[in-house]
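Okay, so here's the structure we're looking at.
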Amino acid sequence: MEDNKRANQLIKKILSDLDHTGIIFNTLSENLKKLREFAVSENQPVVAKALRLAYEHLDEFETFVAPIPTEDEYDEENPPEKITGSESMIYFINLIKKPDNPINKQELRSYIAFLEEFSI
């Protein structure tokens, strides 16, 4: 998706909207559906699945509760703070900007795992 100008314009629009107004679930969901079309056409299955699960989650819950993936070790008395909502969606979209980066792909898989488990 890095080289696709239309996909990058849509990513910039999504990030700008999130930065200025936060999550407006119906608009964001529609934009994620459009962005998924680019991922499918560019044969990016991890990105396509992550986007599908994200917009389905938005459609069902009208918010984004998936936390930013973390590798922090913690004990039960001091769990790490879970960052969700607009901040997590911004992070999620930024991962999609460079989907071939192995770390980004792994973190997208973390989002996928959370969203699949959350919806059960």
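Every number here is computed from the coordinates shown, using simple stated rules; none is lab data. Just so it is clear, the structure is predicted and the values come from calculations on it, not from any experiment.
Between the labelled values [x] -0.80, -1.02, -1.14; [y] -0.84, -1.20, -1.31; [z] -0.63, -1.22, -1.45, the entry that holds log10 I(q)/I(0) by the Debye sum over Cα atoms at q = 0.15, 0.21, 0.23 Å⁻¹ as derived from this structure is [z]. For region 96-101, the Karplus equation 6.51 cos²θ - 1.76 cosθ + 1.60, evaluated at θ = phi - 60°, returns couplings of 5, 4, 10, x, 8, 5 Hz by residue, with Gly and Pro reported as x.
Shown in residue order for region 32-46 are the 3J(HN,Hα) couplings computed by the Karplus curve 6.51 cos²θ - 1.76 cosθ + 1.60 at θ = phi - 60°: 5, 5, 5, 5, 4, 4, 5, 4, 5, 5, 9, 6, 10, x, 5 Hz (x for Gly and Pro).
Between N101 and D17, the contour length at 0.36 nm per residue exceeds the alpha carbon distance by 27.8 nm.
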